[in-house]
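Student: Can you read through this structure? Questions will come right after.
The values are calculated or read from the model by the stated rules, or taken from the named source; none is laboratory data. Quick caveat: nothing in here was measured; it's all calculated off a predicted structure. Here Cβ is always computed from backbone atoms with ideal geometry, including for glycine, and neighbour counts include all displayed protein chains. Areas reflect the complete protein model, heavy atoms only, side chains present, ligands, DNA and RNA absent. Shrake-Rupley method; radii C 1.70, N 1.55, O 1.52, S 1.80 Å.
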Amino acid sequence: MLRKDNKLHLLLIAPVAISFLAFFLIPLARLFLIGGSGENGWLAYLSAFTEPRYIESMLTTLLLSTLVTAVTLAISGVAGVFLARNQFKGHAALTAMLTLPLAFPGVVIGFMIIMLGGRQGLVPTVTDWISGERIVFAYSLVGLFIGYVYFSIPRTILTVMAAAEKLDPRLEEAARSLGAKPLQVVAHVVVPALYPAFLAAGAICFATAMGAFGTAFTLATKINVLPMVIYTEFTMQANIAMAAALSFVLGLITWLALALARSLTGAGVAAAA
Amino acid sequence: MMRRSKNFWLLLAFTASVSIFLILPVVLSVLAGLTKDYFVGLSSGLTLDWVIKVWTEYQRSILLSVGIALACLVCSLLLGVPAAYVLFKRNSGWSRAAEELMMMPVALPGIATALALIATYGAVGEFRTHWTFILVGHVLFTLPFMVRSVLAVMHSIELNVLEEGARSLGASFTQRFFSVTLPNCAPGILAGSLMVLTLSMGEFNMTLLLHTPFTQTLPVGLADAYASLRIEVASAYTVIFFLIIVPLLIAMQAAKRLTRTS
Amino acid sequence: MSTALTQKTAAAGAQITLTRCAKSFRTHKALQPLDLQINAGETLALLGPSGCGKTTTLRIIAGLETPDDGGTVMYDGVDVTNVPIERRNVGMVFQSYALFPNMNVLENVKYGLRVRDYSASNANSRASEMLAMMRIEDLAQRRINELSGGQRQRVALARALAPQPRVLLLDEPLAALDARLRDVLRVEIDRLLRSLGITAIYVTHDQSEAMALGDRIAVMNNGVIAQIGTPEEIYFHPADAFVGDFVGTMNSIEHNGKRFTFRPEDIDLVDPTSATFTGTVTQRLFLGDHVQLAVSIDGASSDAPVTIRVRARNSPSLNDKIGLKLQPLTRLARDTH
């Protein structure tokens, strides 16, 4: 690398470096200090694991995110591989329908769930008509769970499809030529080949479910997931120290999930909103 | 036409039901936004009244969001393209660490970034109530997507070799940046730009904390409508959001195809 | 081909001198300190296996890499060590061609002229001259992704030569092509280099390419030049076993306490009674114009068979006992231990 290049690169990277430092790193450092400045001092960072109401919220959030990840991967795995492997009339339309909600933010997803299971939603209307009982599920953890699955399916399907399309069909042919039965081909060739994509998609799914906020906000402020707790601490209790400490703990978990996926797959994994 | 197995039909049915699960609420909300009285049903008749009502009431939020998205695009282009170029050229441990660092605002929950910004700049004069305060958050969040998208294209077109080709023919940095680097990275810049616009238009996690009554964006307005207004108004507002976001999404998919074929 | 053009370009051929040029990448030493002189108008082939340092050497000459401290690169006696490639006036053909996909063929060929501020009409006439020389006038308006590998190769050559460079650098220019096309283009590049009389440095891992095109060949291994010389010198008098093996098959056997080193074509089939060696055919490959035999030599100190090449007609069969005689004057390696 020539010395002149060094100067040029420095010049090109300087604006982003300075903005990033001023608007992200310094604020983050400040937030970290604030997190330790509350009545409990630095112990605030542990309270997510020690104080009962935060523990409960933490466990709820973790459980919810894990469940969302598992269900999303199962649904998207089947549908994604199916779409990547089969060509038929209406394929493009089906893919378009499955990817349409890709750009919907959490708030809108929340509203979609209200349309399905809210007080005036489709499901209560239908169940009312069938059994005379209105089953309203939107404003609860169930609604949030369905919302997160709804949110995660499109991007997971895209990831799975992209990976399945790249899968060399000759590998399967080779396995078959060696005498493997269809299920063995899936177990020995297809799943190992798609594993990195699943891991990557799963990590993003998990991290988004952990940190997402819009859907919970739309559905009900009573749902006790971690981002909601942070929001309440900040706005209702004006306890910015606690909110800061919890944000850091939450951020660490999502960041770890993504970093783990990245180190396991070796590929670039970026979370999506 | 080859004969389909039973499994095929089973899987097709499954995939179709998933897509119905995804599309049904979209259809419902579009209908609700265009019906006179959703509780009565379609029989009450179709109307544009709700959409017009939302437009007159929330015009400022909608236009503010469009404005922020465009400003965010300009910033992420000016910051992101040069950053991607440097990260690409200096393919070392340091640059990978820098890339990782740059991704942090995406990995971190938006609420944390927002709190950090408020804690640091919340008391700085007019800044807190100015729309640029939201812009800062949006740029932090969208920049990584621009950088990733441009970096990916730089790798796939083997920009290193193209640049060496241009250098061997006597082109200076500025000459080759505008005649070779930019034009050949265009598909990645386009894809990144669409992504930035889409994300900024829909950003809520951070914006909810960053906004003030003077700077309410479209998604914040949406949340407001969902919480307090009747379902027809909320739906009509959602329809307006769809009208903005769906074309962006379609363009994004088209851009992706463009990159794949070129 | 226009003679005016030939003369103009020939006059621009530079003499290149590398002195103590070494290159390290972090901990890896890609190139040991190296001295090399390339005469004006000469074609030098840099030959060696991958990782031998040949591409690094080429990139140092080009100005894409700077040598480690202490090394200097001179063009016609002028130190250009710290002059970047864009100001060295070189022409370079890359292994992957590096044609710009955002421009058509003509625009690609004109690029070097454009950045040198040629007037539009001068650039156009020079570019068409180049296209004509490479016989690709018909492709002028084509996009790069519509071209075949061979066509891309021609465009890359036309583009590199258009600004009348002082030296032409070719980095494995034929490696991406299939065998037949490689043969055709090899002949064409040879014709081109000879008629232009330009100084050229040609990097390849293919010994037949190096032999055919190089006025001299520098065989490289592990970051050093193992031998430099004319193709004949390299082939008939390899400096060591590595060079001998790399530029062709080299047999080496010990027989009655004496070491014999010879190439497959340097030994004849004879009646066992008047033979230097006798042996048994252990493998026979029919290759059309000749037959390649693996022969296990009686009384050799190792079991490894020697490879010999004989005429296809009336050649021995598998397991035949045969006699072999070394041709006179096959004084080959100086020392091949």
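Student: With a 1.4 Å probe and all protein chains in place, put C:87, B:148, C:263, A:53 in order of accessible area, largest first.
Tutor: C:87, A:53, B:148, C:263
Student: Turning to a different aspect of this structure: Just the number please: accessible area per residue for the protein assembly as shown, 1.4 Å probe, all protein chains included, in Å².
Tutor: 44
Student: Under a Cβ-only charge scheme (Lys and Arg +1, Asp and Glu -1), can you give me the dipole magnitude of the protein assembly as shown about the Cα centre, in debye to the nearest 20?
Tutor: 940
Student: Who wins for biggest fluctuation among B:93, B:33, B:80 in a Gaussian network model of chain B, springs between alpha carbons below 10 Å?
Tutor: Among B:93, B:33, B:80, the largest mean-square fluctuation in the Gaussian network model of chain B belongs to B:93.
Student: List every DSSP H helix in chain A whose Cα atoms extend 24 Å or more along the helix's own long axis and whose mean Kyte-Doolittle hydropathy is at least -0.5.
Tutor: For chain A, where a helix must reach 24 Å along its axis and average at least -0.5, the hits are A:3-20, A:52-85, A:141-166, A:191-211, A:240-265.
Student: Of C:204, C:276, C:72, which is the most mobile in a GNM of chain C whose springs link Cα atoms less than 10 angstrom apart?
Tutor: C:276
Student: In addition: What number do you get for segment A:131-273 when its Cα radius of gyration is normalised by 2.2 N^0.38 Å, N = residues? Intermediate values should be presented prior to the final figure.
Tutor: Working: Rg = 20.3 Å, N = 143, 2.2 N^0.38 = 14.5 Å.
Dividing the Cα radius of gyration by 2.2 N^0.38 Å gives 1.40.
Student: Determine the residues within segment B:63-98 where the difference in accessible area between the chain on its own and the full set of protein chains amounts to at least 30 Å²; count protein heavy atoms only and use a 1.4 Å probe.
Tutor: The answer is B:79, B:82, B:86, B:89, B:90 - residues whose exposure falls by at least 30 Å² when every protein chain is included.
Student: Give the interface area between chains B and C as buried accessible surface, both sides summed, probe 1.4 Å, in Å² to the nearest 100.
Tutor: Numbers: alone 15260 and 16040 Å², together 29540 Å².
Buried area (both sides, nearest 100 Å²): 1800 Å².
Student: Right, another one. Tell me the carbon and sulfur percent of the accessible area for segment C:54-151, rounded to whole percent, probe radius 1.4 Å.
Tutor: Using a 1.4 Å probe with all protein chains present, segment C:54-151 comes out at 44 percent carbon and sulfur.
Student: Residue C:273 label point, 7 Å along Cα→Cβ, cut-off 13 Å on backbone N: hits in segment C:297-324?
Tutor: Inside the label zone: nothing.
Student: Quickly work out the residue C:302-to-residue C:178 label distance, labels modelled 7 Å from Cα along the C-beta direction, and quote it in nm with one decimal.
Tutor: 3.8
Student: Also: In segment B:146-189, what percent of the accessible surface is made up of carbon and sulfur (1.4 Å probe, ligands and nucleic acids excluded)?
Tutor: Working: 870 of 1350 Å².
Ligands and nucleic acids excluded, carbon and sulfur reach 65 percent.
Student: Ignoring everything but the protein chains, give the 1.4 Å probe accessible area of residue B:153 in square angstrom, nearest 10.
Tutor: 10
Student: Could you give the dipole magnitude of segment A:1-109 about its Cα centre, charging the beta-carbon of Lys and Arg +1 and that of Asp and Glu -1, in debye to the nearest 20? Display every interim value, and only then the final one.
Tutor: Working: 7 positive and 4 negative charges, 127 e Å.
Dipole about the Cα centre, nearest 20: 600 debye.
Student: Could you state the angle between the C-alpha long axis of helix B:6-34 and the longest principal axis of the C-alpha atoms of chain B, as a value from 0 to 90 degrees rounded to the nearest 10?
Tutor: Here the helix axis deviates by roughly 70 degrees.
Student: Quick one: how many Å² of residue A:25 are accessible to a 1.4 Å probe, rounded to 10?
Tutor: Solvent-accessible area, nearest 10 Å²: 60 Å².
Student: Only bridges whose two residues both fall in the protein assembly as shown count here: according to DSSP, what percent of them are antiparallel, nearest 5?
Tutor: Values: 47 of 65 bridges.
Around 70 percent antiparallel, to the nearest 5.
Student: With every protein chain in place, what's the accessible area of residue C:74 (1.4 Å probe, Å², nearest 10)?
Tutor: 60
Student: What's the angle, to the nearest 10 degrees (0 to 90), between helix B:49-89's Cα axis and the longest principal axis of chain B?
Tutor: For helix B:49-89, the angle is close to 20 degrees.
Student: Related question: Could you compute how much accessible area chains A and B hide from each other, both sides summed, with a 1.4 Å probe? Nearest 100 Å² is fine.
Tutor: Its buried surface, counting both partners, is about 7000 Å².
Student: Report the Stokes-Einstein translational diffusion coefficient (µm² s⁻¹, integer) for the protein assembly as shown, Rh taken as the Kirkwood radius over Cα pairs, at 37 °C with viscosity 0.692 mPa s.
Tutor: D, rounded to a whole number, is 102 µm²/s.
Student: Using a 1.4 angstrom probe on the protein heavy atoms only, could you order B:115, A:10 from most to least accessible area?
Tutor: A:10, B:115
Student: Just the Kirkwood number for chain A, please: inverse of mean 1/r across all distinct Cα pairs, in Å, one decimal.
Tutor: Evaluated over chain A, this radius sits at 21.5 Å.
Student: Quick one: helix C:105-114 against the long Cα principal axis of chain C, what's the angle to the nearest 10°, folded into 0 to 90?
Tutor: 70
Student: Take A:210, A:97 and sort them by solvent-accessible surface of the protein heavy atoms, 1.4 Å probe, largest at the top.
Tutor: Putting A:210, A:97 in descending order of accessible area: A:97, A:210.
Student: Helix-only mean residue ellipticity at 222 nm, chain C, DSSP H runs n ≥ 4 weighted -39,500 (n - 2.57), per residue, nearest 500. What is it?
Tutor: Numbers: 9 runs with 92 residues, N = 337.
Value at 222 nm, helices only: -8000 deg cm²/dmol.
Student: So, with a 1.4 angstrom probe, what is the percent of accessible area on segment A:42-272 that is carbon and sulfur?
Tutor: With neighbouring chains kept in place, the figure for segment A:42-272 is 69 percent.
Student: To continue, here is another question. Name the residues of segment A:103-123, by number, that are at least 10 Å² less accessible with every protein chain in place than in the isolated chain; the surface is that of heavy atoms, probe 1.4 Å, without ligands or nucleic acids.
Tutor: SASA drop of 10 Å² or more in segment A:103-123: A:103, A:104, A:105, A:107, A:108, A:111, A:112, A:114, A:115, A:116, A:120, A:122.
Student: Need one number: % antiparallel among DSSP beta bridges in chain C, to the nearest 5.
Tutor: Once the DSSP bridges in chain C are tallied, antiparallel ones form about 70 percent.
Student: Over 28 Å between Cα atoms, which of A:89/B:6; C:54/C:325; B:89/C:23 qualify?
Tutor: Violating the 28 Å Cα-Cα cut-off are C:54/C:325.
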